[in-house]
Structures are given as structure tokens and as C-alpha cells.
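The next block holds one structure in the form of C-alpha cells; read it before the comments.
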Amino acid sequence: MNIAYFLITKSEVAYLYNDCTLRQGLEKLHQHGYAAIPVLSKGNKYIGTVSEGDFLWHILNQDNQDLNSPCMKSLENMKIKDILKPDKNPPVRITARMEELMIRAMDQNFVPVIDDRNYFIGIVTRRDIMKYFCEKSEVSTKLSLSESI
């Protein structure tokens, strides 16, 4: 099965650029209700994924940060690239097989998809991957039952 069938295209996906501020990133996560979001370069190449936890741990690890003080102002001076873990949520190429997507989906909510030039073209969600394999399993079960009759 071609994964392009399951692709949610870049135009339909919320994403951040790596030079956005942490405040902009948090606002976008909150606005869309996501737990994680893809991060792109200005050239639209996939760089990584940033999650709520990445923001939280960065804020908590600030040496001189008083947890009782308002910190949104300080988030305007920090960039997404400062907290990004590039190896987190690695992408697959558009030519990947569904089995590879399933393996990736075990550790992440969505799988970023890139083209041959490493440009971000969209995502495939864990839900769509699981749905595909469940339907495939149901079909093979039905075939097995009909053959045994």
C-alpha cells in the first residue's frame, strides 16, 4: 500500500519554523490542541518534532527561573531551535512501506513524511496506521474463515 493514500499534506498540518519563539510554539500547540508538532527550516526541510514535554523541561531547567514568576516574557527571547532534539520523531520517505510506518508509530503520535530532497510533505497519524492494519487483519480473518467452510 502506498503511504501517500494516508498522507495529511503539509497544507493541512500545523507546524513551526525553527526560528519561531517558544511562546509562538506554545501558542500554536495550545491553539490546535496538539501534544507535538513538526519543526521545519525556512527552506521547508523537516528538522524534528517539538512536544509539550520539551517546552516544559526547558522551562523547568532554566537555572535562574523562579517557577512562581511569570515566564511568558522570557519565552519570547528563546527559539524553538534551542530546545529541539533533531533525532526525535524521525521522518520516513514517501516511498516507505506500511510496516515501517507501524514500527515508527509505536513510539510517536504521527510519522513525518519527506520527499527525496528532504522537504516536509506531511504526516501520517498513528490512528490511520492502526486503522489500516486492523482492517487488513479483519479481511484476512474473513478470508481464512471463508476458506475453512
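A few comments on the model shown:
- The residue pairs whose first member lies in region 1-26 and is outside any loop (DSSP other than H, G, I, E, B), whose second member is small (Gly, Ala, Ser), and whose beta carbons are closer than 8 Å, counting only pairs six or more residues apart or on different chains, are Ile3/Ala96; Ile8/Gly122; Thr9/Gly122; Lys10/Gly122; Glu12/Gly122; Leu16/Gly25; Tyr17/Ser41.
- Residue within region 119-130 that is of a type in the set (D, E, K, R), modelled with pLDDT of 90 or more, over 11 Å from Ile3 (Cβ atoms) and not in a loop (DSSP other than H, G, I, E, B) present: yes
- Residue in region 26-48 that is surrounded by 13 or more Cβ atoms within 10 Å (Cβ to Cβ), at pLDDT 90 or above, of a type outside the set (S, T, N, Q) and farther than 30 Å from Tyr132 by Cα present: yes
- Of the residues making up region 53-70, not a single one is surrounded by 14 or more Cβ atoms within 10 Å (Cβ to Cβ), within 30 Å of Phe133 (Cβ to Cβ) and among the small types (Gly, Ala, Ser).
- Qualifying residue in region 37-57 (condition: hydroxyl-bearing (Ser, Thr, Tyr), within 30 Å of Lys136 (Cβ to Cβ) and assigned to a helix (DSSP H, G or I)): no
- Annotation: Ile114 fulfils all but one of (1) of a type in the set (Val, Ile, Thr); (2) modelled with pLDDT under 90; (3) surrounded by 18 or more Cβ atoms within 10 Å (Cβ to Cβ); the unmet one is (2).
- Those residues of region 73-98 which are closer than 16 Å to Ile3 by Cα and either assigned to a strand (DSSP E or B) or modelled with pLDDT under 90 (or both), in sequence order: Val92, Arg93, Met98
- Candidate set from region 99-118 (those that are in a helix (DSSP H, G or I) and without any contact (Cβ under 8 Å) to a residue 12 or more places away in the chain); member that is farthest from Met1 (Cα to Cα): Ile103
- Hits in region 1-18 - residues which are loosely packed, with under 12 Cβ neighbours inside 10 Å and farther than 19 Å from Arg93 by Cβ: Ser11, Glu12
The values are calculated or read from the model by the stated rules, or taken from the named source; none is laboratory data. The shown structure was predicted, so the numbers you read here are calculated from the model rather than taken from an experiment. Please note: Cβ atoms are built from the backbone with ideal geometry, for glycine as well, and neighbour counts cover all protein chains shown.
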